Amino acid sequence: MKENEEPSEALTVQPVELGTIVAYTPHEMVQQASEIAGVLKDVIAKRRLYTNIRGKAHVRCEGWTTCAAMLGVIPREVSNIELEDGSYEAVVELVRIRDQAVIGRASAVCGMDEATWKTRAKYARKSMAATRATGKACRLSFSWIMELAGYEVTPAEEM
């Protein structure tokens, strides 16, 4: 050390937190996520929480929220508004249960331009907008874990 030089402080490694996963290294993060993915894969398969679309397994919202719950995260609907044409747009946040930190957010629409939904009741369009926003928020935050579980990363409701 040079004269009049301050001693350097040791670098403190901060953990990365993703729901209940707390990791100090990328290896630890992937290792913990892989363990969760193994359990998730079994739950989704046994409960058939996926839809086969063109030969690929797309997980439904219930499977995505199962993944979130395994990580200590829950969805929270922020808004769900009817648009001028009768479509609905919902916004959903993902909230870590432990400290209420928002760790993800997404919006989605259930539109009047969709053949399946244009004749459905308002409550059904409103509910599907929330379902799609929930699946999308989970996908944005947890798609890499769903991939580790061996499933397609686009939620079934988005297909």
Report task. Go through the stretch 107-135 and give me each residue that's without any contact (Cβ under 8 Å) to a residue 40 or more places away in the chain, buried (at least 16 other Cβ atoms within 10 Å of the Cβ) and part of a helix (DSSP H, G or I). Result -> ARG125, SER127
Query raised in the report: In the stretch 67-82, what count of residues is obtained for those that are under 20 Å from ALA108 (Cα atoms) and either open to solvent by less than 20 Å² (accessible area, probe 1.4 Å) or in a helix (DSSP H, G or I) (or both)?
Result: 3
Query raised in the report: From ARG76, ARG105, ARG96, ARG48, which residue is at positive phi and either out of contact with any Cys (no Cβ under 9 Å at 6 or more places or on another chain) or at pLDDT below 95 (or both)?
Result: ARG48
Query - Residue that is farthest from the chain's Cα centre (by Cα) [pool: residues in the stretch 92-101 that are in contact (Cβ under 8 Å) with a residue 24 or more places away in the chain and either closer than 16 Å to THR66 by Cβ or surrounded by 12 or more Cβ atoms within 10 Å (Cβ to Cβ) (or both)] - result: ILE97
Query raised in the report: Which one of these is modelled with pLDDT of 95 or more, in a loop (DSSP other than H, G, I, E, B) and open to solvent by 50 Å² or more (accessible area, probe 1.4 Å): ASP42, ASP85?
Result: ASP85
Report task. Go through the residues of the stretch 1-18 one by one and say whether even a single one is open to solvent by 30 Å² or more (accessible area, probe 1.4 Å), touching a Gly at 6+ places or on another chain (Cβ under 6 Å), at pLDDT below 95 and over 19 Å from ALA129 (Cβ atoms). Result -> no
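Of these, ALA133, ALA57, ALA108, which one is within 30 Å of VAL30 (Cβ to Cβ) and touching a helix residue (DSSP H, G or I) at 6+ places or on another chain (Cβ under 7 Å)?
Step by step, each of ALA133, ALA57, ALA108 is checked, and only ALA108 is within 30 Å of VAL30 (Cβ to Cβ) and touching a helix residue (DSSP H, G or I) at 6+ places or on another chain (Cβ under 7 Å).
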Report summary line: Of the listed residues (LYS41, LYS56, LYS122, LYS46), the one being in contact with a Gly (Cβ under 7 Å, 6 or more places away or on another chain) and of a type in the set (Lys, Arg) is LYS41
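Scanning the stretch 142-159 for residues that are outside any helix (DSSP H, G or I) and open to solvent by 30 Å² or more (accessible area, probe 1.4 Å), which turns out farthest from GLY111 (Cα to Cα)?
For the stretch 142-159, the residue satisfying everything is GLY150.
The values are calculated or read from the model by the stated rules, or taken from the named source; none is laboratory data. All values reported here derive from a predicted model rather than from experimental measurement. Quick reminder, even Gly has a Cβ in these numbers, built from the backbone with ideal geometry, and neighbours come from all protein chains shown. Side chains are part of the model used for accessible areas, which takes the heavy atoms of the whole protein and leaves out ligands, DNA and RNA. Shrake-Rupley method; radii C 1.70, N 1.55, O 1.52, S 1.80 Å.
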